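S.K.: Before I ask anything, here is the structure I am working with.
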Amino acid sequence: MNAANQQGLPAETVVKLVLAWAFVGIPLLVGVGFTLYNAMKLFQ
Amino acid sequence: MSFLDRSHTIAGPGFSRWLVPPAALCVHLCIGQAYAFSVFNLPMTKLLGISKSAPDDWQLTDLGWIFSIAIFFLGVSSAVFGRWVEEGGPRRAMFTAALCWAGGFLISAFGVYIHTLWVIYVGYGFIGGIALGIGYISPVSTLIKWFPDRPGMATGMAIMGFGGGAFIASPLSVWLMGLFTTPTHVGVAETFIVLGVVYFFFMIVGSIIVRVPPDGWLPAGYTPPAESAKLITRHDVFVYDALKTPQFWLIWWILCLNVTAGIGVLGQASAMSQEMFPGHITAVAASGFVGLMSLFNMGGRFFWASTSDYIGRKNTYFVFMVLGFILYCTVPYTGSIGSVAAFVLCFLVIISMYGGGFATVPAYLKDMFGTRYVGAIHGLLLTAWSMAGIFGPVLVNYIRAYNVAHGVPKAQAYNSTMYIMAGLLVIGFFCNLAVTAVNSRFHMKEGDARGNDPALRPAGARA
């Protein structure tokens, strides 16, 4: 099997990709935001 | 439970390999909570006294053992279960890690409820530690097989999650404890239960998403090089044969020395910054500095591992050793001229290379020993982490205490430690210099009975 099927992904796969990355990305971004907010104290 | 078998995780047509990194992140972001366990330490010293510690409350020194036991069993379990993880496939390993991680939290909640510390040692320390080891190595070889063109970037993404797990766990744990705490009760047990359930759900989602590539799969447009590069083998080395090679032990020392140099300052960054810059860096600013270091620790894992795909693994570690040496030697100078900015910059780069050392090493092992047993070999290598976890803090704490006891001003008490760390990196430099290709007598031969499971063969080799 060649991964030519990686190109032109079906819509279902695109939805899965968006959901999967959002599932891990949103909590991580929120956590990083909290940390950055606290880190700003270093510059105050 | 056959859905856990490797054979049931083979990707079908249309599956995108970009679904595998979030699957790995589901596990690594959860087990990365270990870095944030210290948020429970203070509340757990007041479980009986509520507003202040009662005589029968636990001491901080006793609670510190929970994290130490967990990290110890991370190293032990990754070494012991490495081959099982490799042969059983990523879904079985992730599922097992989820059970152990959630189970560890639930047992610990029971330990808090009956106020018996050894139950928490067993729950979070022992069972949770096993989850850390299995979970940490579970997606490594799968990612390398899906991304033969960018193995450093792929494993860097997953291992970045381990560094980032604390960012989620820390505010979440504080929020949950606030929610469950009443004037007569500290809500640690309830927080453990909620975390156990949430982490189980997260990790199970990862185990459902994960897939291994089918026979002969290669990324679009990628052709394996016809001839091996000098330090990138196309052969496989059996997991226990890797232990007989000098390359394994050289990389073991490279990781151990790089991590020792970073872990010591990571744990002491707050106190060190305040003592080196009294009046300039306050306790509040120091906590901001620690947060910034954690961000660079996480970002460095992705940045350096991805960079290693372009400049090579050996060169990446040369950068860590040389740049680290220069920066460690510069730190005392930044203290003497009172430059907070230069001090912060030095440590942010150092800590990015500490994370980078963790994230780049799976790809380094893949280059040396092939793909088939890279997860198991990586598991064995993580014993270097356990060792560094002891060396690093001991070096920083004891040398500082010795200097202070001998009249060295606190602002300069860390100088000799910095030079020792720089010296460790010089040793690491020569270890890295000595790394050459693995002798062909260690390569697995066709029909080797120890590795006859075709599912374990690297995708390209099956084409």
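The values are calculated or read from the model by the stated rules, or taken from the named source; none is laboratory data. Everything quoted here is computed from the prediction, not taken from an experiment. So basically every Cβ, Gly included, is an ideal-geometry build from the backbone, and we count neighbours across all protein chains shown.
S.K.: What single numbered condition from (1) within 11 Å of chain A (Cβ to nearest Cβ); (2) in contact (Cβ under 8 Å) with a residue 12 or more places away in the chain; (3) more than 23 Å from B:G357 (Cβ to Cβ); (4) within 23 Å of the chain's Cα centre (by Cα) fails to hold for B:P171?
M.R.: Failing condition for B:P171: (2).
S.K.: If you don't mind, another one. Please find, within region B:399-418, the residue that is farthest from B:F277 (Cα to Cα) out of those that are in contact with a helix residue (DSSP H, G or I) (Cβ under 7 Å, 6 or more places away or on another chain) and not polar (S, T, N, Q).
M.R.: Looking at residues that are in contact with a helix residue (DSSP H, G or I) (Cβ under 7 Å, 6 or more places away or on another chain) and not polar (S, T, N, Q), I get B:I399.
S.K.: Among the residues of region B:29-42, write down those that are more than 9 Å from chain A (Cβ to nearest Cβ) and buried (at least 19 other Cβ atoms within 10 Å of the Cβ). Before the answer, list the steps.
M.R.: Let us first name the residues in region B:29-42 that are more than 9 Å from chain A (Cβ to nearest Cβ), namely B:30-42.
Matches in region B:29-42: B:C30, B:I31, B:G32, B:Q33, B:A34, B:Y35, B:A36, B:F37, B:F40.
S.K.: Would you please name the residue that is farthest from the other protein chains (Cβ to nearest Cβ), looking only at residues in region B:280-294 that are closer than 13 Å to A:Y37 by Cα and not hydroxyl-bearing (S, T, Y)?
M.R.: B:V290
S.K.: Have a look at B:D236, B:D149, B:D241 and point out the one that is in contact with a Gly (Cβ under 9 Å, 6 or more places away or on another chain), more than 14 Å from every other protein chain (Cβ to nearest Cβ) and acidic (D, E). Outline the logic, then answer.
M.R.: Details: B:D149 fails: more than 14 Å from every other protein chain (Cβ to nearest Cβ); B:D241 fails: in contact with a Gly (Cβ under 9 Å, 6 or more places away or on another chain).
Checking each option against the conditions leaves just B:D236.
S.K.: Name the helices (runs of 4 or more DSSP H) wholly within region B:50-152 that hold at least 1 residues that are surrounded by fewer than 19 Cβ atoms within 10 Å (Cβ to Cβ)?
M.R.: B:60-80, B:82-88, B:90-113, B:117-120
S.K.: Same structure, new question: For residues that are surrounded by fewer than 24 Cβ atoms within 10 Å (Cβ to Cβ) and in a helix (DSSP H, G or I), scanning just region B:303-313, find the one that is farthest from the other protein chains (Cβ to nearest Cβ).
M.R.: B:I311
S.K.: Does B:M368 fit the bill of being aliphatic (A, V, I, L, M) and in contact with a strand residue (DSSP E or B) (Cβ under 8 Å, 6 or more places away or on another chain)?
M.R.: In short, yes.
S.K.: Looking only at region B:379-403, which residues are loosely packed, with under 15 Cβ neighbours inside 10 Å and of a type outside the set (F, W, Y)?
M.R.: Across region B:379-403, the qualifying residues are B:I390, B:V394, B:A401.
Conditions tested, residue by residue: (1) exposed (fewer than 15 other Cβ atoms within 10 Å of the Cβ); (2) assigned to a helix (DSSP H, G or I).
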site	(1), (2)
B:T417	no, yes
B:I420	no, yes
B:L424	no, yes
B:I427	yes, yes
B:C431	no, yes
B:V435	no, no
B:V438	no, no
B:R441	yes, yes
B:K445	yes, no
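S.K.: Then there is this: Of all residues in region A:1-29 being more than 7 Å from every other protein chain (Cβ to nearest Cβ) and at pLDDT 90 or above, which is nearest to B:I209 (Cα to Cα)? Write out each step before concluding.
M.R.: Taking region A:1-29 and keeping what is more than 7 Å from every other protein chain (Cβ to nearest Cβ), we get A:8, A:11-12, A:14-15, A:18-19, A:22, A:25-26, A:29.
From what's left, at pLDDT 90 or above: A:14-15, A:18-19, A:22, A:25-26, A:29.
Details: A:V14: 14, A:V15: 13, A:V18: 13, A:L19: 11, A:A22: 14, A:G25: 15, A:I26: 18, A:L29: 21 Å.
Only one residue fits best here, namely A:L19.
S.K.: Return the residues of region B:198-235 that are more than 25 Å from B:F15 (Cβ to Cβ), in contact (Cβ under 8 Å) with a residue 40 or more places away in the chain and among the charged types (D, E, K, R); say none if nothing qualifies.
M.R.: Those that are more than 25 Å from B:F15 (Cβ to Cβ), in contact (Cβ under 8 Å) with a residue 40 or more places away in the chain and among the charged types (D, E, K, R): B:K230, B:R234.
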